[in-house]
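Let me begin by presenting the structure, written as structure tokens, before commenting on it.
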Amino acid sequence: MKFKEYIGQTVNIIIDSHMGTKHPKLGYYFPINFGHIENSKMEAFVMGVFKPIQRFTGTVIAILTENSESEIFLVVAPDGKTYTDEAILAITEFRNNIFDVVVMR
């Protein structure tokens, strides 16, 4: 599946980095849950859940990518929940200050 085809899809996320944990190499803390799609290497930020979780099922609402598109991350939220591009960038700023990213829809 091409990354843009994920928009609007329901996905199951396995959380690898729980809200409040520290990145082992880069040293920042995850203010939101972060993981990967079940049975895939595609990584995803989970929006709208404000406690550490193990798994999450939600809708892909956007894609975060570096300008070079070498790094691609899905943005997943509870069904029916939406966020503006500005809100997505603000919530993921802990990572965006390291990499120059763009929100794609």
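Between H23 and A87, the simple label model (points 7 Å from Cα in the Cβ direction) yields a spacing of 2.4 nm. What separates the Cα centres of the stretch 15-31 and the stretch 53-84 is a distance of 17 Å. For D16, the amide hydrogen comes within under 5 Å of the amide hydrogens of F34, G35, H36, counting only partners 5 or more places away or on other chains and with H modelled in the peptide plane.
Going by C-beta contacts inside 10 Å, put L74, L26 in order with the fewest on the left. Can you show the working numbers first?
Values: L74 25, L26 9.
Ranked by crowding around the Cβ, least crowded first: L26, L74.
Per-residue counts of other Cβ atoms within 10 Å, averaged by peptide: what ranking do you get for 88-95, 49-56, highest first? All intermediate terms of the calculation are to be shown ahead of the outcome.
Working: 88-95: 16.8, 49-56: 13.2.
The peptides rank, most packed first, as 88-95, 49-56.
Values quoted throughout were computed directly from the atomic coordinates according to the rules given, and no laboratory measurement underlies them. Note that the structure is predicted; figures quoted are calculated from it, not measured. Positions of Cβ are backbone-derived with ideal geometry, glycine not excepted, and every protein chain shown enters the neighbour counts.
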